[in-house]
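Let me begin by presenting the structure, written as structure tokens, before commenting on it.
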Amino acid sequence: MAFNFLFDGPVGANHTILLAHGAGGAMDSPAMTGIAQALASAGSRIARFEFDYMAARRTSAGRKPPSRAEKLIPQYLAAIKALDVKGPLFIGGKSMGGRIASMIADELHASGDVEGLLCLGYPFHPIGKPDQLRTAHLAELKTPALIAQGTRDLFGTREEVSGYTLSSAIEILWLEDGDHDLKPRKGVSGFTAADHLKTLAGKVAAWTDKVTDATSK
């Protein structure tokens, strides 16, 4: 399949982050665009792509439902191949996109093709179904990973996630009062959406530097 990548950030950046979208929002959704631009402003080269069901919504009538993971995994792998990055590559995405990336990260990290994993609002469980956890593979993850999560994300709040068994390779950036798009409510936490994007961008910049430095030693 052909990919129409969206790029943000400097061409000469010392790393690239490939991001996939969530189940219901396209790669150019306001949330994805805001995050990509924030990360780019801090020095990352960002590439966004769409799975085929989402791309099809742009050209055909009706809304195709999200494909199952077993179909999305080979598409993510194909996107990595099509992107053909020469320098350090990080993979990830928003919600479902990050989850799919997390399912292929260890194999790619072991082969030296991927430096790390960035998940933006990880869907730890379906909304309203806290017992249906999507964390089994995260307990054994070996790839350096950063999860940015709002403390009131309905797919996994801070209180819920604190009880999960997660690999020591995973760092979590908690954004106070953030929802699944990492946005806080106005006048509640004292933070704005712009504040959280700035915090996210700074953390990702420092984390990618740390990961790539460790790999080069």
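The values are calculated or read from the model by the stated rules, or taken from the named source; none is laboratory data. Note that this is a predicted model, so its numbers are computed, not measured. Ideal geometry is used to build each Cβ from the backbone, glycine not excepted, and the neighbour counts take in all protein chains shown.
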### Query
Can you name the residue in the stretch 174-195 that is free of Cβ contacts under 8 Å to residues at least 24 places away in the same chain and of a type outside the set (D, E, K, R) and is also surrounded by the most Cβ atoms within 10 Å (Cβ to Cβ) among such residues?
191
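So which residues in the stretch 98-122 are closer than 20 Å to residue 205 by Cα and in a helix (DSSP H, G or I)? Don't jump to the end; show me each part of the working.
Step one: filter the stretch 98-122 for residues closer than 20 Å to residue 205 by Cα, giving 98, 101-102, 105, 109, 113-122.
Within the stretch 98-122, 98, 101, 102, 105, 109 meet the criteria.
When you go through 214, 110, 205 one by one, which is the residue that is free of Cβ contacts under 8 Å to residues at least 40 places away in the same chain, out of contact with any Cys (no Cβ under 7 Å at 6 or more places or on another chain) and surrounded by fewer than 23 Cβ atoms within 10 Å (Cβ to Cβ)? If you could, list the steps in order and put the result at the bottom.
Working: 214 fails: free of Cβ contacts under 8 Å to residues at least 40 places away in the same chain; 205 fails: free of Cβ contacts under 8 Å to residues at least 40 places away in the same chain.
That would be 110, the only listed residue that is free of Cβ contacts under 8 Å to residues at least 40 places away in the same chain, out of contact with any Cys (no Cβ under 7 Å at 6 or more places or on another chain) and surrounded by fewer than 23 Cβ atoms within 10 Å (Cβ to Cβ).
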#### Entry: Every residue from the stretch 172-212 that is small (Gly, Ala, Ser) and out of contact with any strand residue (DSSP E or B) (no Cβ under 8 Å at 6 or more places or on another chain)
187, 189, 190, 193, 194, 201, 202, 205, 206
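I'd like the residue in the stretch 2-57 that is acidic (Asp, Glu) and part of a loop (DSSP other than H, G, I, E, B) and, out of all such residues, is surrounded by the fewest Cβ atoms within 10 Å (Cβ to Cβ). If you could, list the steps in order and put the result at the bottom.
The initial filter retains those residues of the stretch 2-57 that are acidic (Asp, Glu), namely 8, 28, 50, 52.
Restricting the remaining residues to those that are part of a loop (DSSP other than H, G, I, E, B) gives 28, 50.
Values: 28: 13, 50: 22.
By that ranking, first place goes to 28.
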## Note on the structure
Of the residues in the stretch 145-173, those that are buried (at least 19 other Cβ atoms within 10 Å of the Cβ) and among the polar types (S, T, N, Q) come to 149
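Is it true that residue 122 is among the aromatic types (Phe, Trp, Tyr), surrounded by fewer than 23 Cβ atoms within 10 Å (Cβ to Cβ), touching a residue at least 12 places away in the same chain (Cβ under 8 Å) and within 26 Å of residue 179 (Cα to Cα)? Can you show your working first?
Details: among the aromatic types (Phe, Trp, Tyr): yes; surrounded by fewer than 23 Cβ atoms within 10 Å (Cβ to Cβ): no; touching a residue at least 12 places away in the same chain (Cβ under 8 Å): yes; within 26 Å of residue 179 (Cα to Cα): yes.
Spelling it out, it is not the case that residue 122 is among the aromatic types (Phe, Trp, Tyr), surrounded by fewer than 23 Cβ atoms within 10 Å (Cβ to Cβ), touching a residue at least 12 places away in the same chain (Cβ under 8 Å) and within 26 Å of residue 179 (Cα to Cα).
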### Query
Could you give every pair whose Cβ atoms fall below 6 Å, whose first residue belongs to the stretch 38-60 and is of a type in the set (S, T, N, Q), and whose second residue is assigned to a strand (DSSP E or B), counting only separations of at least 6 or pairs across chains?
44/17
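Answer yes or no as to whether residue 28 is under 16 Å from residue 93 (Cβ atoms), within 17 Å of the chain's Cα centre (by Cα) and charged (D, E, K, R).
On the way: under 16 Å from residue 93 (Cβ atoms): yes; within 17 Å of the chain's Cα centre (by Cα): yes; charged (D, E, K, R): yes.
Yes; evaluated as a whole, the condition is true for this residue.
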### Task
With the checklist (1) outside any helix (DSSP H, G or I); (2) small (Gly, Ala, Ser); (3) more than 22 Å from residue 161 (Cβ to Cβ) in hand, flag the one item residue 92 doesn't pass.
(3)
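Which members of the stretch 156-200 meet the condition of being of a type in the set (D, E, K, R) and assigned to a loop (DSSP other than H, G, I, E, B)?
Going residue by residue through the stretch 156-200, those that are of a type in the set (D, E, K, R) are 158-160, 171, 176-177, 179, 181, 183, 185-186, 195, 198.
Answer for the stretch 156-200, where residues must be of a type in the set (D, E, K, R) and assigned to a loop (DSSP other than H, G, I, E, B): 176, 177, 179, 181, 183, 185, 186.
Could you check the stretch 65-93 and list, in sequence order, the residues that are free of Cβ contacts under 8 Å to residues at least 60 places away in the same chain, under 23 Å from residue 205 (Cβ atoms) and not charged (D, E, K, R)?
Within the stretch 65-93, the first condition is being free of Cβ contacts under 8 Å to residues at least 60 places away in the same chain, and the residues that meet it are 65-74, 76-77, 81, 84, 86.
Right, trim to under 23 Å from residue 205 (Cβ atoms) and you get 86.
Scanning the stretch 65-93 gives no hits.
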### Task
Among the candidates 97, 9, 62, 34, single out the residue that is modelled with pLDDT of 95 or more and on the phi > 0 side of the Ramachandran plot.
9
### Task
Just need a number here: residues in the stretch 130-156 that are closer than 25 Å to residue 32 by Cα and more than 17 Å from the chain's Cα centre (by Cα).
2
